[in-house]
Amino acid sequence: MIVVTGATGNIGRPLVAELARRGHEVTAVSRAGAAPLDSPLVRGAYADLADPASLRAAVDGASALFLLVPGAGGHLDRERIVATAADAGVRRLVLVSSQAAGTRPESPSHRPLAELEKLVRGSGLAWTVLRPGGFYTNAFAWVPSVRAERTVYAPFGDVALPGIDPLDIADVAAAALTDDGHDGRTYELTGPDVSTPRERTTALADALGTPLAFTELTHEQARAGMLELMPEPVADGTLAILGEPTTQERAISPHVEAVLGRPGRTFADWARAHAAAFRA
């Protein structure tokens, strides 16, 4: 039995479906407690990672745990979460971290994830760490302006970065949860190309079959918008990556293709799959 936390999210939902498709019993953990998939192999379970004791019932008897913490997890008792899994008999733990836990481990926005990685590696469990870059699904933030104005607003319009489709993260996680050949590995996860916000706007316009304008936000404008959604250190850390990425953050990783035997999806692929969300 495999436990998936964050089971109703962009990664967890397709991961639960993929594991069930492969014939594995899955406990889908969320604060709602409902199973995201109608399958005899999937049961829903309540747990709130802010209360690690609530996780114990879900992980009892599990062979593997997929761990996705909200935000960077700095507000959580991360040591107790990992210990709860180990004490319950979990043998393998797959952690979703962030590329920036490797590139910016001392930044306030990503230090908690870097510390959680260390806890996982030192837990005595078999482990795999996944470090994805920016999610393509962040583009859902453009939905209101695309519907209302046919315009995308974003900062750093000509800074190119790779991104990642959460479906590819889910597929890599499924492999790591079910194949011990991935134990002890840290995978950086990106798609097969880099693109700028301006280029992603063009790809979305192509998917919609209608022209879209692009308006570049200043750093201050973007920061003000982000502060409505996230703590100040996270907003500042995100803007630092988007505006002044390191060489490693600009690089395309081979790990998705190495694990899955196929390239990751491009942003254009993602835009075509989700175009309906952007239509009025």
Pairs, first under 21 Å from residue 128 (Cα atoms) in the range 243-255, second in a loop (DSSP other than H, G, I, E, B) and open to solvent by 20 Å² or more (accessible area, probe 1.4 Å), C-beta under 7 Å, six or more apart: 252/192; 252/193
Options 146, 94; residue that is of a type in the set (A, V, I, L, M, F, W, C), open to solvent by less than 20 Å² (accessible area, probe 1.4 Å) and in a strand (DSSP E or B): 94
Residues (under 20 Å from residue 246 (Cα atoms) and without any contact (Cβ under 8 Å) to a residue 60 or more places away in the chain) located in the range 139-180: 157, 158
Segments classed as helices (runs of 4 or more DSSP H), wholly inside the range 160-269, with at least 2 members that are crowded, with 22+ Cβ neighbours inside 10 Å and among the β-branched types (Val, Ile, Thr): 166-178, 255-260
Evaluation of residue 8 against (1) more than 30 Å from residue 161 (Cβ to Cβ); (2) surrounded by fewer than 23 Cβ atoms within 10 Å (Cβ to Cβ); (3) in contact with a strand residue (DSSP E or B) (Cβ under 7 Å, 6 or more places away or on another chain) (one fails), failing number: (1)
Filtered residues of the range 63-84 (kept if on the phi > 0 side of the Ramachandran plot and open to solvent by less than 10 Å² (accessible area, probe 1.4 Å)): 73
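In this structure, does residue 109 turn out to be modelled with pLDDT under 95 and either under 18 Å from the mean Cα position of the chain (by Cα) or part of a strand (DSSP E or B) (or both)?
Numbers: modelled with pLDDT under 95: yes; either under 18 Å from the mean Cα position of the chain (by Cα) or part of a strand (DSSP E or B) (or both): yes.
Answer is yes for this residue.
Please enumerate the residues belonging to the range 202-229 that are of a type in the set (Asp, Glu) and within 25 Å of the chain's Cα centre (by Cα).
We begin by selecting, within the range 202-229, every residue of a type in the set (Asp, Glu); these are 206, 216, 220, 228.
Listed by number, the list holds a single entry, 228.
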Check on residue 202, β-branched (Val, Ile, Thr) and either in contact (Cβ under 8 Å) with a residue 40 or more places away in the chain or closer than 23 Å to residue 117 by Cβ (or both): no
Sole exception among (1) closer than 20 Å to residue 267 by Cα; (2) open to solvent by 20 Å² or more (accessible area, probe 1.4 Å) for residue 157, by number: (2)
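The values are calculated or read from the model by the stated rules, or taken from the named source; none is laboratory data. Given the structure is predicted, the values throughout are model-derived calculations rather than measurements. No Cβ is skipped: glycine too gets one built from the backbone with ideal geometry, and neighbour counts run over all protein chains shown. Areas reflect the complete protein model, heavy atoms only, side chains present, ligands, DNA and RNA absent. Shrake-Rupley method; radii C 1.70, N 1.55, O 1.52, S 1.80 Å.
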